[in-house]
Amino acid sequence: METKKINAAITAVGMYVPEKILDNKYFESIVDTSDEWILTRTGIRERRMMENGATSDMATKACEDLFKTTNVKPEEIDAIILATVTPDMMFPSSACLVQKNIGAVNAWGFDLIAACSGFLFALQTGSSFIESGRYKKVLVIGSDKMTSITDYTDRNTCVLFGDGSAAVLLEPTTDTSYGIIDSILHIDGSGKDALNMKAGGSLNPASHETVDKRWHYIYQDGKAVFKVAVKGMADVSYEMMQKHNLKGEDIAYLIPHQANLRIIDATAERMGITKDKVTINIDKYGNTTTATIPLCLTEYYREGKIKKGDNLIIAAFGAGYTWGSLYLRWSLD
Ligand code: UT7
């Protein structure tokens, strides 16, 4: 007997961003920078900061927001995949903490680390769980409290990052013209020296020395990452279009990771996609690492811009290096 193919479809979305705003003027007061430099070099105007609470608290709020929009109850969730580089603790996983907070009493789950590609990798993982037929309801969350690992004396990095969280619910659909259709994913560990947080793991356990060297903060060689990010995101997105015979006009939105507006523009240009078909939230939230893409999905859907039947290409690039693209057809009314 032939088994019917199943696709995973996004059937609900939710988000949370903290209230406190750090605008570019604030950074002028703490490091040698300017609103003009930040805006023209990155596209960022402001970002959010979680003052009381951690990554799991933001993820919990994003899930609570999601559950307001669906008949699915937390106890029906089979699995929780939480993408993050800023878990509340090394262990237990933040997925466990979210499970407890939302009352997903029948779920299992785990944290997934793939830096800025974390949500993309988690979405593909959750999609495979659904496609296997074994799981019916999977929560995929991107949540990062980047301000907890940002060095506010380093102008190269401190202006870039912000806090936020967003979640999607995956459920099966037998109409395989909808849902997650394909992904192309890559990792390359030769990027480890260009973007990292050196201490706190088994290589450099916390010590006075690691603190003195500021190794518990993000380090980035921006120029080196910029070059590979542009090529990586553009190439893999173009490859996805070729593979599925898609032209720029067939795509409703490119949903790129939000690290730098210039990287986003270069990717869209390579794909032949006009600027009005690229989701942007970097101006409001900066780089929220795993949350940039699900925040874009949630906001553009809620604003009525992403509609049922839309072809969407998600693209990301991050530390590792990690990168990839994912093709989905939106199934929510
Ligand atoms: O999210 C995961 C992956 N990450 C990325 O994709 C990020 C990729 N990289 C970038 O987005 C960009 O490289 C940055 C936005 C980080 C930096 O922009 P850039 O145009 O590559 O600047 P740069 O690093 O080449 O620095 C140019 C100059 C330097 O000064 P000198 O050496 O030319 O005198 C920097 O010191 O800009 C200086 N600079 C700043 N000036 C004012 C660096 N940061 C700042 C700042 N304000 N905040």
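So the values come out like this:
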quantity	calculated
Centroid-to-centroid separation of the stretch 25-52 and the stretch 201-238 [C-alpha atoms, Å]	20
Relative contact order (%) - criterion: Cα under 8 Å, at least six apart; region: the stretch 10-136	23
Summed residue charge, Cβ within 12 Å of Asp78's Cβ, Lys/Arg positive, Asp/Glu negative	0
Charge context of Asp188, other residues only, Cβ under 15 angstrom, K/R +1, D/E -1	+1
Cα gyration tensor category, rounded, prolate or oblate, for the stretch 86-141 with a/c compared to 1.5	oblate
Between 0 and 90°, nearest 10: helix 55-67 axis offset from the chain longest Cα axis	30
Sequence ranges 53-59, 268-274, ranked by mean other-Cβ count within 10 angstrom, highest first	53-59, 268-274
DSSP-defined beta bridges in the chain - what % are antiparallel, rounded to 5	70
Surrounding net charge for Thr55, when Lys and Arg each add one and Asp and Glu each subtract one, Cβ distance under 12 Å	-3
In Å², nearest 10: area of Phe161 left accessible to a 1.4 Å probe	10
Lys213 - accessible surface, heavy atoms, 1.4 Å probe, Å² rounded to 10	100
Nearest-ten-degree value, helix 222-243 long axis tilted from longest Cα axis of the chain	10
Relative contact order of the chain, defined on C-alpha pairs under 8 angstrom at six or more residues apart (%)	25
Cα gyration tensor shape of the stretch 40-156, rounded if a/c is under 1.5, else prolate or oblate by comparing a/b with b/c	prolate
Per residue solvent-accessible surface (Å²) - the stretch 7-177, probe of 1.4 Å	41
Translational D in µm²/s for the chain (Stokes-Einstein at 10 °C, 1.306 mPa s, Kirkwood Rh from C-alpha pairs)	80
Pairs from Lys136/Lys275; Lys5/Lys136; Lys5/Lys100 whose Cα-Cα separation, in the structure shown, is over 24 Å	Lys136/Lys275; Lys5/Lys100
Rough spin-label spacing in nm, given labels placed 7 Å along Cα→Cβ, for Ser177 and Asp333	1.8
Whole-number percent relative contact order across the stretch 262-333, with pairs defined as alpha carbons under 8 Å at least 6 apart	21
Span from the the stretch 70-135 Cα centroid across to the the stretch 270-333 one, whole angstrom	20
Three-way shape label, the stretch 266-324, alpha-carbon gyration tensor, a/c 1.5	oblate
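The values are calculated or read from the model by the stated rules, or taken from the named source; none is laboratory data. From a predicted model like this one, the values you see are computed outputs, not experimental measurements. Glycine gets a Cβ as well: all are built from the backbone with ideal geometry, and neighbour counts include every protein chain shown. Calculation scope for accessible area: heavy atoms of the full protein, side chains included, ligands and nucleic acids excluded. Shrake-Rupley method; radii C 1.70, N 1.55, O 1.52, S 1.80 Å.
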